1. So how far apart, in nm, are the two label points at Phe97 and Gln24 if each is 7 Å from Cα heading toward Cβ?
2. Using the Cα centre as the reference, give the magnitude of the dipole from point charges on the C-beta atoms of the chain (Lys, Arg: +1; Asp, Glu: -1; all else neutral), rounded to the nearest 20 debye.
3. Extension gain Ala121-Asn109, at 0.36 nm per residue separation less the Cα-Cα distance, in nm?
4. At 222 nm, what helix-only mean residue ellipticity would the chain give, in deg cm²/dmol to the nearest 500, using -39500 (n - 2.57) for each DSSP H run of four or more?
5. Cβ neighbours within 10 Å, averaged per peptide: list 65-78, 119-132, 154-167 in order, most packed at the top.
6. What are the ³J(HN,Hα) values, in whole Hz, obtained from phi via the Karplus relation 6.51 cos²θ - 1.76 cosθ + 1.60 with θ = phi - 60°, for each residue of region 15-27 in sequence order, with x given for Gly and Pro?
7. Per residue of region 106-115, what does 6.51 cos²θ - 1.76 cosθ + 1.60 with θ = phi - 60° give for ³J(HN,Hα)? Whole Hz please, x for Gly and Pro, Karplus curve as stated.
8. How big, on average over all directions, is the shadow cast by the Cα convex hull of region 28-175, in nm²?
Amino acid sequence: MQDLQQKRKPKEGDYAPFYAAYVQEIETDDIVRFLEEQKAAALAFFKHIPWEKWEVSYAEGKWTLAQLVLHLIDSERIFAYRALCIARGDQTPLPGFDQEAYVETGEANSRTPVSLADEFATVREATVHLFRNFSPAMWERRGTAADSEITPSALAWIIAGHLQHHLRVIQERYLNA
């Protein structure tokens, strides 16, 4: 295991401007530890959501809570894959993804909350292991994903910020609705 964790928050130019809000969402000197702690907090949060809330969207045309959680899982897998490719020096441009298509075909509404929470936990654990073992050079390599330059460091902060953003959406729009 690497003892050298990522200590520098990514700066503009390390990611597409679209991701700035996610990166700015997270203030930490140790993103790997933050990802671990965030996993525990998210699982505790999911556990206390009543079963019937998982099948409901907060407005017409919006995703159900189950679909949103599967979106979080899918997105984290994709972002972590991008980080892996770039950290390993693969210069192949990585494609974007159509989140709406993933939601439409993901069949999240046929899943139980427990199965979604378990899958989230497993994916996050894999993400933590991936980032925990990056060398300093791997954190800073540059690659292209969705037609924009990005670093594995930025992807770690994006993963954390993306989840923070959606946990707030769940609280404000799904649970307080």
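Each value in this text was obtained by applying a stated rule to the coordinates, not by laboratory testing. From a predicted model like this one, the values you see are computed outputs, not experimental measurements. Glycine gets a Cβ as well: all are built from the backbone with ideal geometry, and neighbour counts include every protein chain shown.
1. It is 2.6 nm.
2. Dipole magnitude for the chain comes out near 380 debye.
3. 2.5 nm
4. Values: 7 runs with 96 residues, N = 177.
Rounded to the nearest 500, the figure is -17500 deg cm²/dmol.
5. 154-167, 65-78, 119-132
6. 7, 5, x, 3, 8, 4, 4, 5, 5, 5, 5, 10, 10
7. Calculated HN-Hα couplings, in order: x, 6, 4, 5, 9, 9, 8, x, 5, 5 Hz.
8. On the way: hull surface 35.1 nm².
Seen from a random direction, the Cα hull of region 28-175 projects 8.8 nm² on average.
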